[in-house]
Every structure is written in C-alpha cells, then in structure tokens.
Ligand code: ADP
C-alpha cells in the first residue's frame, strides 16, 4: 500500500513554503508565467535534461511488469530456465538503471533550483538596498527578512517539488495508460473507472492540509517575531526593567502551544481518509483478479497479463492522487512568486537621473532655495526654506523638537527629495548629480551611533576600505579616541559587540567622528548628542569635533551653546 500513495509524501507538502496570503487566489497571467520562466531560462539546458531523466525513469518503470508477464506466460510454462534467469536479471537491472537516472535527475534539479534561488536572492537584496529611506521607515524588518529567507527558499521547494511532481506523475500516468490499454481494454476501463474514488477524497484532504499549513506558517512567524522582539538588547532591557519576564515567558508558551497543537493536527489530518483510500486501493486489484480471472478461465487472457496489470495499477493510482492535489502546491508557489515580485516591482523613489553628472570634486558650497517638504499627506515638515552656506562655513540649526531639523539633514544626501524648491551643491541641483558622487562628499555623525558587530578596525575601515593602519591611528588621534583603543587588551581588534553595546556613548561618538575623519568629506552633517555626557567625555568630544569641522561645510543640529556661538549662520526653525 505504501507504494500506492508514495506520491503523497515529501515533495507534495514542501513544509518550508510560507503560504502567507494564499487566500488572495493568485492568478497566473501570461505575463507572469513568462516572467517566472525567465528566471529558468539561463538554465534551460539543465531543465531539459531533468525532463529527459524524468521521462527515462518513468519509461523504465514500465518494463518490470512486462518481464513478469513474460516469465509467467512464457518462460515458466515452457520450462525455459535460461530465459527465466535473463528475465529475473532484467527485473533487477532495470530498477537499478532507473535509480541511477533518478540520482542524476536530482542533482540537475537541485542545480537549477539553487541557481534560480541564488539569482532571485541577489536581485532582491540589491533591489531592497536601492529602496529609499521612506520604504525602510514603513516596512517591518521581520517581514523583509522573511521575504529574503523563507520566500526565496520556498522557490527551491517549488522547483524540486511541484514542477517535478507534475511532470513525473503526468508522464507516468500517460505511459501507463497507453501500455495497459494496449494490453487489454476491458480491464483498463475497469481500472480507470475506479479512479474517481481516489481523486475526490484526496482533494478534500488536500484543502484541509493546505489551510492548516497556512495557519502553521502564520504561527511560526508570530513566534519568531516574538523571539526577535524580546531576545535583543533593547527588548531584553525593557523586559527586565519592567519585570515582564514572566509575562513574556507565558505569552511565548501560549504561542508555542498553539503551534504544537496545529502541527499535531496537521500530521493527523487525513489519516482516516488515507485508511479508507487504502481500502479502495485493495478493491482495485481484487476487481482485476475477479474480472481478469474469469476472462482467463475463458482463455481470453493470460495469467501473466493479470499480474502485470495489477502491478501497473500502483503506477496509476498513486500519481493520479498526487496530480489531484497539485493545484494546491501550484497556488502556493504562485503566491510565493507574487510576494517576491511585489517587492521587486516597487520602484525605488530616489535614483540617478539618466546622464547624471559625476561630481568628482566638490567645493562644499551649499544652497537651499525655497525648499518645502512633506512626508505624506499631513502638514509639511518644511516650508520655503532658503539659506546658503559658503565652503567651510558652519550652519547651526536650532529650534524645538519636531521643527524639521533632522528633515533638513536628510534632504542633503537625498534620502528624500524636496517636494518643492531645490538644493544646490556647488551650483548643481542635487538631482542632477549621481547619488554615489553626491554621497561621497557627505559625512554624517548622528546622535545614535551605529556600529556593526565587528572589530573597531573593521568599523573604521567601513568609511575607507583602503585606509592604512597609520591612517586609522591618525584619525583616532584626531578624534581623541586612540589612547582609549590602544589601552584595550586587543586594541583595534577589539569587537564592539552587538550595535556597539560594549562601548560607552561617548566612546561610540568619538569612533563615529574618527570614521568621518577617515572619509574626509567636504560636507559634514552633525547631530549633536543631547544625552548628557560626563564633563570629561564632553570635553573629549568637543576636542574631537575641532579637526572634524575644520575646512568642511557643516550643517549641525546644535544643542550646545558653544556650537551655536561658533556658527557662521544660525537657522532658527519653528513650526
Ligand atoms: P526635529 O529634528 O526638528 O526634531 P524632524 O525633522 O525629525 O524634527 O521632524 C519634523 C516633522 O516631521 C515632525 O512633525 C515629525 O513628526 C515629522 N516626521 C519625521 N519623520 C517622519 C516620517 N518618517 N514620516 C512622517 N512624518 C515624519
């Protein structure tokens, strides 16, 4: 019996596919089909070989029952021992060959699947990287990770699972039908007549399992979101400070429990159906023996034909049941592509204009001309801002929280474009310059310093990969952080920990300053830390800022009187 329903195992239910919003009933349009095929096109040779392998092993599978028939009808009655030996040898060699072809097919298939996945993953990463800041402020990190991990990985399951499934089963069913009808049409009609008994219940169970699997994936996503939110530094601190560990543990337990229940149900659903199906599976051969046996008694059929026929039944019922459910997997695969395409189709908001100017050198002359900006439909964040900073000047932005200071600093590296008006660098509208050249002239020191979880050296080199060790030391000396780094047991090779948590706020600030000194940009954007540092750290930072500001056009969100007093221009923003 196991063999009969072999087609329902493994590949039919690729557990790692994230079913997500399948209820949207994804549609297969011609354009989408062509688009999906486009990803497979570079590997069409391998894909064609896979099809060839499938056809070969399916056809080889037709041979053993014929050998059995020969043995029963010819070799044994005639007492031809050597023919019998040959036939039995064939019964072993043919499945062996089919097995070898199967291995080759698997290898080729995984190659195609992995390469398509490789291409998609890289394309998606590059695309997401090109999205604007607006996209990242509006998108959940966890969701994006899920697209890159689960959805793309699901594609592999689709290729190895669904497509091979369809082709294998279709070839098997068709070839088997041809052979059995050519053997005896009466028995064939009987065999085909009981097929609906398999198809109908299987479809029902398929839908049930599909729904359960979708719920399981949602629960899994909830569980990982929960882990992601509570098992990181900020979440951990929040949880401990408010004494909510018990609460979180309990919430986690509940979600875990739901998931467990779902998974138990998922693996149990359809067991009763399959048991009934097993019964139907026994009815088929019994009917063949009954009708075939009577035909044999009337000398209209050989015994070998009956035995071969029953052997072919297994090649009919299993694949037909599998095909009956294939649309469920097909929909899931389509939904997967839909979700990935949805991301790929989002046009990046800020891109290089065709023929944009590559500004190799900049003086640092910056001018805002009637700049207005709004984040969305609400009140504009900036209205009619005009000012001019000569090369090397310091502009201090002051004003209450929410006045638009940060927004001004975002417009300079073109994280957003003005809604009206224009910004000029050395007389060029920013939108006329390539993003790469524009941003190469800009350095930023923000309040919240972001460091990668790597060594201090690697974090510094991020600003200039070709910087020598001497460059690093010089920059750190200028930023008044070298002595501190040198005093660490591992010096510049000290890991900074997740988001730099192993360093104090003042130390991180100074590393960030050293990083910008290394980059040596013409324009500096400085968001002064508001968090009160002890007077020694404060003094260090003030000292570090001196070489940073020298000779650069600086736009500073100023919180210190000293910065405001040193400014060439003070811009007071008010709502
Ligand atoms: P400041 O830096 O002066 O405190 P911001 O430039 O951060 O002010 O903010 C200006 C206004 O824009 C505020 O009213 C703020 O709520 C709004 N704002 C900031 N960022 C966004 C955003 N990503 N989406 C929508 N509104 C925003």
Next item on the list: Counting only C-alpha contacts under 8 Å and six or more residues apart, can you give the relative contact order of the chain as a whole percent?
Entry: 17 percent
Notebook entry, point to check: Can you give the angle from 0 to 90° between the axis of helix 535-549 and the longest principal axis of the chain, with both taken from C-alpha atoms, to the nearest 10?
Noted result: 90 degrees
Notebook entry, point to check: Roughly how tilted is helix 30-40, in degrees to the nearest 10 and between 0 and 90, from the longest Cα axis of the chain?
Noted result: 90 degrees
Next item on the list: Post the alpha-carbon centroid distance, the stretch 537-570 to the stretch 454-507, in whole angstrom.
Entry: 22 Å
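Kindly rank 309-316, 501-508, 372-379 from highest to lowest mean number of other beta carbons found within 10 Å of each residue.
Result, highest mean first: 309-316, 501-508, 372-379.
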Item checked: Burial ordering of 406, 176, fewest other beta-carbon atoms within 10 Å first -> 406, 176
Notebook entry, point to check: Based on DSSP H runs of at least 4 residues, each adding -39500 (n - 2.57), what is the mean residue ellipticity at 222 nm of the chain after dividing by all its residues, to the nearest 500 deg cm²/dmol?
Noted result: -19500 deg cm²/dmol
Notebook entry, point to check: Could the peptides 535-544, 233-242 be put in order, highest first, of the mean number of other beta-carbon atoms found within 10 Å of their residues?
Noted result: 535-544, 233-242
Next item on the list: With an 8 Å cut-off on Cα pairs and a minimum separation of 6 or more residues, tell me the relative contact order of the stretch 377-516 in percent.
Entry: 23 percent
Check: So how far, in whole Å, is the C-alpha centre of the stretch 55-104 from the one of the stretch 302-344?
Finding: 26 Å
Item checked: Inter-site label distance for residue 466 and residue 436 at 7 Å from Cα along Cβ, in nm -> 1.4 nm
Next item on the list: Give the angle, between 0 and 90 degrees and rounded to the nearest 10, that separates the Cα long axis of helix 271-297 from the longest principal axis of the Cα atoms of the chain.
Entry: 30 degrees
Next item on the list: Compute the FRET efficiency between residue 204 and residue 45 as 1/(1 + (r/R0)^6), taking r as their Cβ-Cβ distance and R0 = 56 Å, and round to the nearest 0.05.
Entry: 0.90
Note to self: Return the Rg/Rh ratio of the stretch 464-575 with Cα-based radii and a Kirkwood Rh.
What the structure shows: 0.98
Next item on the list: For the stretch 346-394 and the stretch 412-443, compute the distance between their C-alpha centroids and round to whole Å.
Entry: 5 Å
Note to self: For a Förster distance of 41 Å, can you work out the FRET efficiency between the beta-carbons of residue 91 and residue 254, rounded to the nearest 0.05?
What the structure shows: 0.15
Notebook entry, point to check: What are the radius of gyration and Dmax of the stretch 224-355, computed over its Cα atoms and given in Å?
Noted result: 28.9, 89
Item checked: Computed over the stretch 394-469: relative contact order in percent, which uses C-alpha pairs under 8 Å that are six or more apart -> 16 percent
Notebook entry, point to check: So, by mean Cβ neighbours within 10 angstrom, what's the order for 345-353, 446-454 with the highest one leading?
Noted result: 446-454, 345-353
Note to self: If I stretch the segment between residue 123 and residue 424 completely, what's the gain in nm (0.36 nm per residue apart, minus their alpha carbon distance), one decimal?
What the structure shows: 105.1 nm
Note to self: Counting pairwise Cα distances across the chain, what percent come out greater than 33 angstrom?
What the structure shows: 62 percent
Item checked: Extended-chain gain in nm, criterion 0.36 nm per residue less alpha-carbon gap, residue 104 and residue 387 -> 95.0 nm
Next item on the list: Sort 155, 456 so the one with the fewest other Cβ atoms within 10 Å of its own Cβ comes first.
Entry: 155, 456
Item checked: Estimated distance in nm for a label pair at residue 417 and residue 33, the labels positioned 7 Å out from Cα along Cα-to-Cβ -> 3.8 nm
Margin query: Taking 0.36 nm per residue of sequence separation and subtracting the Cα-Cα distance, how much length would be gained by fully extending the chain between residue 566 and residue 290, in nm to one decimal?
Written below: 89.0 nm
Note to self: Test of understanding: ordering 306, 76 by Cβ neighbours within 10 Å, fewest first, what list do you get?
What the structure shows: 76, 306
Notebook entry, point to check: So, how do all the Cα-to-Cα distances of the stretch 121-162 break down into 10 Å bins, in percent, from 0 on up?
Noted result: 26, 48, 20, 6
Notebook entry, point to check: What percent antiparallel are the DSSP beta bridges of the chain, to the nearest 5?
Noted result: 40 percent
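Read-outs throughout are calculated quantities, based only on the coordinates presented, and are distinct from any laboratory measurement. What you see is a predicted model, and the numbers here were worked out from it, not measured in a lab. Counting neighbours? That spans all protein chains shown, and the Cβs are built from the backbone with ideal geometry, glycine included.
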